[in-house]
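In what follows, a structure is listed as structure tokens, so that the remarks can point back to it.
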Amino acid sequence: ADAAAYAVGLSRRELAVCSLLAEGSSNKEIADALCISENTTKTHIRHIYRKLNVKNRSEFLGYVEQKGLPGMSTME
């Protein structure tokens, strides 16, 4: 399952952030869930956006809706 995530260059931590982001969690909720700071969360999100070639949360959610989360099979 991690192969697709690694193919786009996401780390395990970034994949965890992706999952929470896709569920609609706020930066604070992601930080609390992963026991990291909000600044670290923002850094992970910035890296995810760059690697997936999206500019914001809205584009990220569109990417997830269209292609699914990297490393996770789509439910079709």
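The values are calculated or read from the model by the stated rules, or taken from the named source; none is laboratory data. Bear in mind the structure is a predicted one, so any value in this text is a computation, not a measurement. To get the accessible areas, we keep the full protein, side chains included, count just its heavy atoms, and leave off ligands, DNA and RNA. Shrake-Rupley method; radii C 1.70, N 1.55, O 1.52, S 1.80 Å.
Observations on the structure shown:
- Within region 54-76, if we keep just the residues that are outside any helix (DSSP H, G or I), of a type outside the set (A, V, I, L, M) and at pLDDT below 95, the residue that is most open to solvent (accessible area, probe 1.4 Å) turns out to be GLU76.
- Within region 20-48, being open to solvent by less than 30 Å² (accessible area, probe 1.4 Å) and of a type in the set (Ser, Thr, Tyr) holds for SER25, THR41.
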